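Only one structure is covered here, and it is reproduced in the block below.
The values are calculated or read from the model by the stated rules, or taken from the named source; none is laboratory data. Note that the structure is predicted; figures quoted are calculated from it, not measured. Note that each Cβ is placed from the backbone with ideal geometry, even for glycine, and that neighbours are counted across all protein chains shown. The area values use the complete protein model at the heavy-atom level, side chains included, leaving out ligands, DNA and RNA. Shrake-Rupley method; radii C 1.70, N 1.55, O 1.52, S 1.80 Å.
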Amino acid sequence: MTLTERKNAAISRGVGMTTQIYADRAENAEIWDKEGHRYIDFASGIAVVNTGHRHPRVIAAVKEQLDRFTHTCHQVVPYESYVHLAERLNAIVPGDFAKKTIFVTTGAEAVENAVKIARAATGRSAVIAFSGGFHGRTFMGMALTGKVAPYKIGFGSMPGDVFHAPFPVPLHGVTVEQSLAALKKLFAADVDPQRVAAIILEPVQGEGGFYPAPAAFMKALRDICDQHGILLIADEVQTGFARTGKMFAMDHHEVAADLVTMAKSLAGGFPLAAVTGRAEIMDAPGPGGLGGTYGGNPLGVAAAHAVLDVITDEGLCDRANQLGSRLKQRLESLRDKVPEIADIRGPGFMNAVEFNDATTKLPSADFANKVRLIALDKGLILLTCGVYGNVIRFLSPITIQDSVFSEALDILEASLLEASAGR
């Protein structure tokens, strides 16, 4: 049996796979499969290895921790590295106020806990999210997520007291003013703002299509939250840790969130997630109300310390801006030759290109997937996203070597030209 046949026989079909590549080893921005084929990784495990596959400092930190202990459960026998990492996040997460942190295991778990904390702190239950947003596959995560397929299909009713407003995407006809008007209408028609515990959003939507939240929109949300005693939650699971050219995407804004969720690249490939927020809000749940058996696993914590060091010592925020600029310049140079390109966007190295049909000007998921498959055949791993499935997002490790990055850009250009020529 082939590996794919074995996978189909052994694993639920609900676990989707973007490629049929079975990884054998990886280094920085390159992956080799079981057959020895080499690929350039522009997915990074969905924005997990910002510091590259197997960064030497991350691996060394984990090996050192392996020689000490691998698990005690922090709620039973705590350890200093957990405390120190919390101190570091409290210092760097945006917001000029005292903060506290908890560690969990996944981004969805971080979101769930942020909602729990917000409800405990406010005594309210309602939560507002946005169309196109992605917040996880747990039930509260699904309820908050603003995209039905494939995340909500067949799973029955979602948790109540979750409401959605349109996210401002001018490309699709939704302005900041329209989004804010819809939020005002939501307060008038569906939920009393005095019953809303939190508003949650991604500063740059991930799965939804890499649409950045406009600065005016983020400021208006902060004002609305302050007016009604609502907490603002920034979901930085995909945007965090140098990806947008700053440590966090909220660093691009003049306002701060009350709670910030993190995961993915926090620990460079090891399962670790966090919620950091205003100290008095984080202290709202009673002892035992937060936590989890594996939350703040010592191996993940060790890796996270190394990740933070690498980001600082290797200047990865500046590096992200440089790489993103090169990528967007190359894509811009192809607009005349590839009429399917509708938009090129994204801060730092959190970039995307959106495609419309060259004739109808409607979103074209077919073209995006065609580019992805051609690139994969040439050795470049790409991911699609977006409510319409017509966006390719670029998530290469920020540590990618210049020579490998140049090779990837050449493959990307060739793939776009080939896909457009075959329309």
> In the list Arg88, Arg119, which residue meets the criterion of being farther than 30 Å from Gly160 by Cβ, in contact (Cβ under 8 Å) with a residue 60 or more places away in the chain and open to solvent by 50 Å² or more (accessible area, probe 1.4 Å)?
Replying inline: Arg88
> Which one is least open to solvent (accessible area, probe 1.4 Å), of the residues in region 377-398 that are touching a strand residue (DSSP E or B) at 6+ places or on another chain (Cβ under 6 Å) and among the polar types (S, T, N, Q)?
Replying inline: Asn390
> What tally of residues in region 343-368 results from selecting those that are in contact with a helix residue (DSSP H, G or I) (Cβ under 7 Å, 6 or more places away or on another chain), outside any loop (DSSP other than H, G, I, E, B) and either free of Cβ contacts under 8 Å to residues at least 24 places away in the same chain or among the small types (Gly, Ala, Ser) (or both)?
Replying inline: 1
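Is it the case that some residue within region 229-252 is part of a helix (DSSP H, G or I) and aromatic (Phe, Trp, Tyr)?
no
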> If you go through region 401-415 one residue at a time, do you hit one that is outside any helix (DSSP H, G or I), at pLDDT 95 or above, open to solvent by 10 Å² or more (accessible area, probe 1.4 Å) and not hydroxyl-bearing (Ser, Thr, Tyr)?
Replying inline: yes
> Is it fair to say Gln205 is open to solvent by 10 Å² or more (accessible area, probe 1.4 Å) and polar (S, T, N, Q)?
Replying inline: no
> Give me the pairs: first residue in region 153-167 and at pLDDT 90 or above, second residue assigned to a loop (DSSP other than H, G, I, E, B) and β-branched (Val, Ile, Thr), beta-carbon distance under 6 Å, and six or more apart or on different chains, which are they?
Replying inline: Phe163/Val191
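Okay, residues lined up against (1) crowded, with 20+ Cβ neighbours inside 10 Å; (2) among the small types (Gly, Ala, Ser); (3) free of Cβ contacts under 8 Å to residues at least 60 places away in the same chain; (4) in contact with a Cys (Cβ under 9 Å, 6 or more places away or on another chain):
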position	(1), (2), (3), (4)
Asp283	no, no, no, no
Leu290	no, no, no, no
Ala302	yes, yes, no, no
Gly315	no, yes, yes, no
>> Quick check on region 260-279: of everything there that is of a type outside the set (Gly, Ala, Ser) and either buried (at least 24 other Cβ atoms within 10 Å of the Cβ) or outside the structural domain of His74 (by the TED database) (or both), which residue is farthest from Val111 (Cα to Cα)?
In response: Leu266
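Go through region 1-73 and tell me which helices (runs of 4 or more DSSP H), entirely inside it, have 1 or more residues that are touching a residue at least 60 places away in the same chain (Cβ under 8 Å) and open to solvent by 80 Å² or more (accessible area, probe 1.4 Å).
56-66
Return yes or no: is Thr138 open to solvent by 50 Å² or more (accessible area, probe 1.4 Å), in the same structural domain as Asn297 (by the TED database) and touching a helix residue (DSSP H, G or I) at 6+ places or on another chain (Cβ under 6 Å)?
yes
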> Identify, please: which residue in region 168-201 is without any contact (Cβ under 8 Å) to a residue 40 or more places away in the chain and among the basic types (Lys, Arg) and is, among those, surrounded by the fewest Cβ atoms within 10 Å (Cβ to Cβ)?
Replying inline: Lys185
